[in-house]
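In what follows, a structure is listed as structure tokens, so that the remarks can point back to it.
Any read-out appearing in this document is the output of simple, stated calculations on the displayed coordinates, not a laboratory observation. This one's a predicted model, so the numbers in the text were calculated from it and none came from an experiment. Heads up, the Cβs are rebuilt from the backbone with ideal geometry, glycines too, and the neighbour counts pull from every protein chain shown.
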Amino acid sequence: MPRLIVVSNRVADIHSSNAASSGGLAMAMAGALKEEGGVWLGWSGETSDDGDGPPQFSTVDNVTLAKIDLSRQHVEEYYNGYANRTLWPLFHHRTDLTSYEQSFSESYLDVNRTFAQAIRSFVKPGDVIWVQDYHLIPLGRELRALGVDNRIGFFLHIPWPARELFVTLPQHSDLVWSLFGYDLVGFQTEKDLMAFRDYFQTELKTQQDDEGLIDLFGRRLLARSYPISINPSEMAELSNTETAANSFRRMREGNEECKILLGVDRIDYSKGLPNKFAAYNRFLERFPERRGTAKLLQIGQPSRSLVEEYQDLGEELMAEAGRINGRFGRLDWTPLSYHTQSYGRDALAGIYRAADACLVTPLRDGMNLVAKEFVAAQDPADPGVLLLSRFAGAAEQLTEAVFVNPYDKEQTAEAIVQAIDMPLDERQDRWRAMFDTISRSSLTAWKNNFMADLKNEDRPETPDRAE
Ligand code: G6P
């Protein structure tokens, strides 16, 4: 029986309801694989002193986990280095934070080869391979070089960068060439797809046909957008658990007269947390009559703490939260609660539901599943308001959110007022429209659409492969 083989850098605990801190990808893939069954291969999270290890297999329900230990040098240069200090900042348009270190790119290729060899050792004819995210762009090419001719798809969870920035990367053409090892490449949004198209039209003088097919480097690639999502019924179920009810009650207790503004983000510079704090500070400055009537609860989930920029950001946020509380706080009111612990998804469901508004204000984000989870967890009779950055991928779909430009603290401060004052019927109308969008475009639909395009037997093969 042909299997689905999912490959990602991080393999999540498939049963854990815990910690959105592992990010949207891990939660989404755990959800998708539980439905379909299959194999999930990735880094174990462990460092080995004897080089990269062979895959260690274990089985949880209908999913076989294949975890690989990586050498100390590879963890440093592939994960902390090329993935998180080169591609992540560049694809989030932070060339000021991008490292162009050559040794990082060598380790990146080495690890992709390690993964390719591991897959080669157990892949069977007919298996479909689905590679996830920026850590593994070259994996398709490496598999082809080992003679694997199965269908292989790739999905990028983060934004595709603007061409002018992407070409600053010395390996830009190698990365794009690598993508042609896949049969299907998926992006989060139409904007990402357009940026990708701009690259190969301008740099490679090649067009995409009306179907989304591109013929280049002797291969045929289909490139489309598939916005990732959540299963809203799962969030609704979680909000009915006892843990959710407890967190809901504890959030509301003592806050009967106070509106709760919520933020839930990994501590990452792409999430625009200093901008959010600055906008909240501006809201308190400009609207003194609002002091004591609202508070911001920001949950910051620690992330990539071995990378210096992340450590600096963590410290900056602590200091800024202290400054805001020192300046505006009163005996009976703390304007900003900043927590850095992780919460399970069931507790989060209650926290989302208890909030009057959620501030999702990244500077640049592939999709942002917090925005979708917040909407799905609301009580239809009294839903909270979503404030959403126009720079989150989710903004392409959740068009009834209150949009903010996180760089503009005046406008964001005004949007906070708008959210606090929004009448019930408007909150319900906006919520209903967004909930319908998420229900139509669920995680299950995302997986099924991608898999249908990847498996599509009617699609013409690349001429040289068909021979
Ligand atoms: C983003 C990325 C994921 C990554 C997650 C958490 O969502 O798209 O690939 O897994 O962040 O980051 P981490 O480095 O902890 O895996």
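How big is the gap, in Å, between the Cα center of the range 370-434 and the Cα center of the range 101-133? So the separation of the two Cα centres works out to 40 Å.
Mind scanning K191/K455; K205/K271; K191/K447 and naming the pairs with a C-alpha gap bigger than 27 Å? Provide the component values of the computation, followed by the final result.
Values: K191/K455 25 Å; K205/K271 35 Å; K191/K447 20 Å.
From K191/K455; K205/K271; K191/K447, over 27 Å: K205/K271.
Kindly rank 369-377, 65-73, 94-102 from highest to lowest mean number of other beta carbons found within 10 Å of each residue. Show your work: numbers first, answer last.
Details: 369-377: 27.9, 65-73: 19.2, 94-102: 13.3.
Listed from highest to lowest mean packing, they are 369-377, 65-73, 94-102.
Cα-based Rg of the range 232-440 per 2.2 N^0.38 Å, rounded to two decimals?
Details: Rg = 15.9 Å, N = 209, 2.2 N^0.38 = 16.8 Å.
Compactness ratio reported: 0.95.
Using C-alpha pairs below 8 Å separated by at least 6 residues, the relative contact order for the chain is 15 percent.
If you average the sequence gap of Cα pairs under 8 Å that are 6 or more apart and divide by the length of the range 232-440, what percent do you get for the contact order? Intermediate values should be presented prior to the final figure.
Values: 374 pairs, mean separation 54.4, N = 209.
It rounds to 26 percent for the range 232-440.
Considering only DSSP beta bridges where both residues belong to the range 232-440, give the percentage that are antiparallel (nearest 5).
Roughly 5 percent of the DSSP beta bridges within the range 232-440 come out antiparallel.
Scattering from the chain was approximated by placing one identical point on each alpha carbon and applying the Debye formula without solvent; log10 I(q)/I(0) at 0.06, 0.07, 0.12 1/Å stands at -0.27, -0.36, -1.06.
Antiparallel as a % of all DSSP beta bridges within the range 21-90, to the nearest 5? Provide the component values of the computation, followed by the final result.
Working: 5 of 13 bridges.
If we restrict to bridges inside the range 21-90, about 40 percent are antiparallel.
Note on K455 and R286: the extension gain reaches 55.3 nm, defined as 0.36 nm multiplied by sequence separation minus the Cα-Cα distance.
For M1 and K34, FRET efficiency with R0 = 25 Å and r from the beta-carbon atoms, rounded to 0.05? Using R0 = 25 Å, I get an efficiency of 0.90. Among 258-266, 239-247, 400-408, 310-318, the peptide with the highest mean count of other Cβ atoms within 10 Å heads the list, and the full ranking is 258-266, 400-408, 239-247, 310-318. Counted over the chain, the DSSP beta bridges are approximately 15% antiparallel.
Grab the Cα-Cα distance for R249 and T95, subtract it from 0.36 nm times how many residues apart they are, and report the gain in nm with one decimal.
On the way: separation 154, 0.36 × 154 = 55.44 nm, distance 4.37 nm.
Full extension of this stretch gives 51.1 nm more.
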